[in-house]
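The structure under discussion appears below in the form of C-alpha cells.
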Amino acid sequence: MKRPSEIAPPVGKLGVLLPGMGAVATTTIAGVMLIRRGLGEPVGSLTQNATIRLGKRTDNNTPLIRDFIPLASLDQLVFGGWDIFPENAYEAAKHAKVLEDRHLDPIREELESVRPMKGVFYPEYVKRLNGTHVKTGANKAAMVEQLREDIRRFKKENDLARVVAVWCGSTETYLPPAAVHASIATFEQGLLDSDPGIANSQLYAWACLKEGVPFANGAPNIMVDFPAAFELARERGVAFAGKDFKTGQTLMKTILAPGFKARMLGIAGWFSTNILGNRDGEVLEDPGSFKSKEVTKLGVLDYLLQPKLYPKLYGDLYHMVRINYYPPRGDSKEGWDNIDIFGWLGYPMQIKVDFLCRDSILAAPIVLDLAIFLDLAQRANLSGVQEWLSFYFKSPTVAPTLYPEHDLFIQLMKLKNTLRWLRGEEPLTHLGHEYYD
Ligand SMILES: NC(=O)c1ccc[n+]([C@@H]2O[C@H](COP(=O)([O-])OP(=O)(O)OC[C@H]3O[C@@H](n4cnc5c(N)ncnc54)[C@H](O)[C@@H]3O)[C@@H](O)[C@H]2O)c1
C-alpha cells in the first residue's frame with residue numbers, strides 16, 4: 001500500500017453514529033460526556049492513554065499516540081444513532097443498568113438530548129426483540145435511502161465535518177453470505193426485491209458506505225464481510241473494520257493462548273461457559289443469534305494455535321463455548337474457562353479462569369477507539385478493510401485471500417506499526433527490539 005503523503009487535519013466536529021443504542025452505546029456516550037467534564041478516566045482506551053515508542057530504546061522517545069498522530073479529540077465528538085425503541089440515551093442507560101446514578105445524574109440532560117432515530121427492523125433477523133420505533137418503507141432499497149437521509153440530516157443539523165459509525169446493535173441470526181452478496185449489482189437488485197438474505201444491519205452498513213461514512217461492526221453477524229461491500233467500499237474510498245468487539249472471555253483467550261503456544265505447551269481441551277443477564281444475553285438465547293456468536297468465538301483458537309503445524313500439541317483440541325441467559329447478573333457477566341493443558345511427556349495440568357467481568361465497561365473504550373481510528377484512516381485516504389484494527393475484534397475481517405491474526409500482541413504491534421508508517425517512522429520488529437512497544 002502507498003503511504004499517504006499527508007493526513008487531513010481533524011478540523012471540525014466528528015459525528016459518531018451508533019446503530020443500536022443499548023448497553024454498549026450508552027456506556028460509551030455517557031463515558032465520553034463524563035470524561036469531558038473531568039468526572040471520569042478513559043481507562044482501556046489506546047487513543048486516550050497509550051504511548052508509542054519511536055526509534056531505538058535508548059532514544060527515550062515515547063509520545064502519547066494522540067500527540068504523535070492527529071486524532072479527533074473527545075471535545076469534537078457528537079453522538080447520534082438509531083434504535084428500534086424510542087428511549088433517549090439517559091433512559092436506555094438506566095434500563096441497561098451498567099452505570100450507576102452517581103455517573104448518570106451529572107450528565108442527565110446531556111444524555112437525554114441524544115435521541116435515537118427510528119431503526120430499520122425486519123424482526124426475522126433478531127427473534128427476541130419486538131421494536132416499536134421503526135421505519136416503514138416499500139422495500140429494503142427504500143429503507144437504505146431513509147438511513148442515508150438520516151445521516152445527511154444528522155450531519156447538517158449538527159454542523160459536522162465528518163461522520164463515522166460503529167454498529168452496537170443486537171446480534172442477528174447466523175446468515176452466511178449468499179449469491180445476493182456477490183457484487184454491487186446483485187446486492188442492489190436484492191435491496192429492490194427485499195431479498196431475505198439481506199439482514200437489517202447490512203442495510204445500515206450499505207447506507208454508511210454509500211454516504212462515505214467509515215463503518216465498524218461490533219457484532220458477530222455478517223455485515224460487511226462479503227464481496228459486494230468490499231467492492232462498494234473500494235469504489236467509494238471508504239474505510240471499514242469488523243467484527244465482534246473483543247471483550248471478556250475472548251480477550252482472555254487471545255491473551256492466554258499465544259502464551260501457551262509460545263512455550264510449546266499442548267492443549268487438550270478448552271471449555272468456556274458464560275452467564276449473563278442483559279438484553280444481549282436475552283437475544284443470544286435464540287439459537288440463530290447464538291450461532292453467529294459461536295462462529296466468531298470458536299474460530300479464535302484454531303487460527304491462534306495452528307493445529308496443522310502442531311498436530312501433536314493442538315491437533316485433538318476439544319473447544320466448546322456456551323452462553324446462558326441468567327437475568328440476576330445483568331450486565332455483570334461471569335465467564336469460566338477450564339483449560340486442560342499438557343506439558344513435558346504429556347503430563348496433564350489444568351487452569352481455571354473465572355472472569356467476573358463487565359461487558360459494556362470493556363466494550364466502551366473499543367467503540368471510542370474505533371470511531372477515532374476509523375476517522376484517522378479516512379482522513380489518511382485508507383479505504384477498504386482496516387486490518388490494523390483487528391486488535392479490537394474477536395473475528396477480524398480481512399481481505400478475502402488472507403487469514404485473520406488473533407494474537408493480541410501481534411495485533412497491537414500491527415496497529416502501532418501502522419501508525420508509525422502513517423507518520424513516516426520506522427516500524428518496530430521483534431528483531432533486536434523489544435517486541436510489543
Ligand atoms: N458488551 C460486549 O462486551 C460486547 C462484546 C462483543 C460484541 N458485542 C455486541 O455488541 C452489540 C451490542 O451489545 P449490547 O450489550 O449493547 O446489547 P443491547 O441489547 O443492550 O443493545 C443493542 C441495541 O440494539 C438495538 N437494535 C437491535 N436491532 C436494531 C436495528 N435493526 N436497528 C437499530 N437498533 C437495533 C436494540 O433495541 C438494543 O437497544 C451486540 O450485538 C453484542 O453482541 C458486545
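The values are calculated or read from the model by the stated rules, or taken from the named source; none is laboratory data. Given the structure is predicted, the values throughout are model-derived calculations rather than measurements. Every residue, glycine among them, receives a Cβ derived from its backbone with ideal geometry; neighbour counts consider all protein chains shown.
Looking for something closer than 29 Å to VAL98 by Cα and surrounded by 17 or more Cβ atoms within 10 Å (Cβ to Cβ) - is there at least one such residue anywhere in segment 301-320? So far as segment 301-320 goes, no, none of its residues is closer than 29 Å to VAL98 by Cα and surrounded by 17 or more Cβ atoms within 10 Å (Cβ to Cβ). All but one of (1) closer than 30 Å to LEU175 by Cβ; (2) of a type outside the set (S, T, N, Q); (3) not in a helix (DSSP H, G or I) hold for ALA363; state the number of the condition that does not hold. It fails just one condition, (3). Within segment 124-135, residues that are of a type in the set (A, V, I, L, M) have Cβ atoms under 6 Å from residues that are within 9 Å of the ligand (Cβ to nearest atom) and at pLDDT 90 or above in these pairs: VAL126/SER170; VAL126/GLU172; VAL134/ILE84; VAL134/LYS118; VAL134/GLY119; VAL134/PHE121, counting only partners at least 6 apart in sequence or on another chain. Among the residues of this structure, ILE339 does not count as one that is at pLDDT 95 or above, within 16 Å of the ligand (Cβ to nearest atom) and not in a loop (DSSP other than H, G, I, E, B).
Note on segment 222-244: residues that are more than 13 Å from THR397 (Cβ to Cβ) and either basic (Lys, Arg) or touching a helix residue (DSSP H, G or I) at 6+ places or on another chain (Cβ under 6 Å) (or both) amount to 6. Taking segment 74-100 as the range and being aliphatic (A, V, I, L, M) and within 13 Å of the ligand (Cβ to nearest atom) as the test, the residues that pass are ILE84, ALA89, ALA92, ALA93, ALA96, VAL98, LEU99.
One residue stands out among those in segment 169-197 that are touching a Leu at 6+ places or on another chain (Cβ under 9 Å) and under 19 Å from GLU211 (Cα atoms): the one that is surrounded by the most Cβ atoms within 10 Å (Cβ to Cβ), which is PHE187. Could you check SER395 against (1) part of a strand (DSSP E or B); (2) modelled with pLDDT under 95 and say which number it fails? With respect to (1) part of a strand (DSSP E or B); (2) modelled with pLDDT under 95, SER395 is out only on (1).
Each row is one residue, and each column tells you yes or no for (1) at pLDDT 80 or above; (2) away from the ligand (no atom under 16 Å from the Cβ); (3) under 21 Å from ILE410 (Cβ atoms); (4) in contact with a Pro (Cβ under 8 Å, 6 or more places away or on another chain).
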{"residue": "LEU256", "(1), (2), (3), (4)": "yes, yes, yes, no"}
{"residue": "ALA262", "(1), (2), (3), (4)": "yes, yes, yes, no"}
{"residue": "LEU265", "(1), (2), (3), (4)": "yes, yes, yes, no"}
{"residue": "GLY269", "(1), (2), (3), (4)": "yes, yes, no, no"}
{"residue": "SER272", "(1), (2), (3), (4)": "yes, no, no, no"}
{"residue": "GLU285", "(1), (2), (3), (4)": "no, no, no, no"}
{"residue": "VAL295", "(1), (2), (3), (4)": "no, no, no, yes"}
{"residue": "ASP302", "(1), (2), (3), (4)": "yes, yes, yes, no"}
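Note on segment 198-241: among residues that are among the acidic types (Asp, Glu) and either within 14 Å of LEU17 (Cβ to Cβ) or surrounded by fewer than 20 Cβ atoms within 10 Å (Cβ to Cβ) (or both), the one that is nearest to the ligand (Cβ to nearest atom) is GLU211. Here segment 101-123 is the region considered, the condition is being assigned to a helix (DSSP H, G or I) and free of Cβ contacts under 8 Å to residues at least 40 places away in the same chain, and the residue that is nearest to the ligand (Cβ to nearest atom) is PRO123. With respect to the numbered conditions (1) within 16 Å of the ligand (Cβ to nearest atom); (2) of a type in the set (D, E, K, R); (3) buried (at least 17 other Cβ atoms within 10 Å of the Cβ), which one is the sole condition not fulfilled by ARG66? The number of the failed condition is (1). When the residues of segment 351-367 are filtered to those that are under 16 Å from LEU256 (Cβ atoms) and among the charged types (D, E, K, R), the one that is farthest from the ligand (Cβ to nearest atom) is LYS352.
In the set (1) touching a Ser or Thr at 6+ places or on another chain (Cβ under 9 Å); (2) at pLDDT 95 or above; (3) crowded, with 17+ Cβ neighbours inside 10 Å, the condition left unmet by LEU408 is number (2). Residues of segment 15-51 that are surrounded by fewer than 22 Cβ atoms within 10 Å (Cβ to Cβ) and either assigned to a strand (DSSP E or B) or basic (Lys, Arg) (or both): ARG36, ARG37, THR51. If we keep just the residues of segment 110-157 that are surrounded by fewer than 21 Cβ atoms within 10 Å (Cβ to Cβ) and hydroxyl-bearing (Ser, Thr, Tyr), which is modelled with the lowest pLDDT? Out of the qualifying residues, it is THR132.
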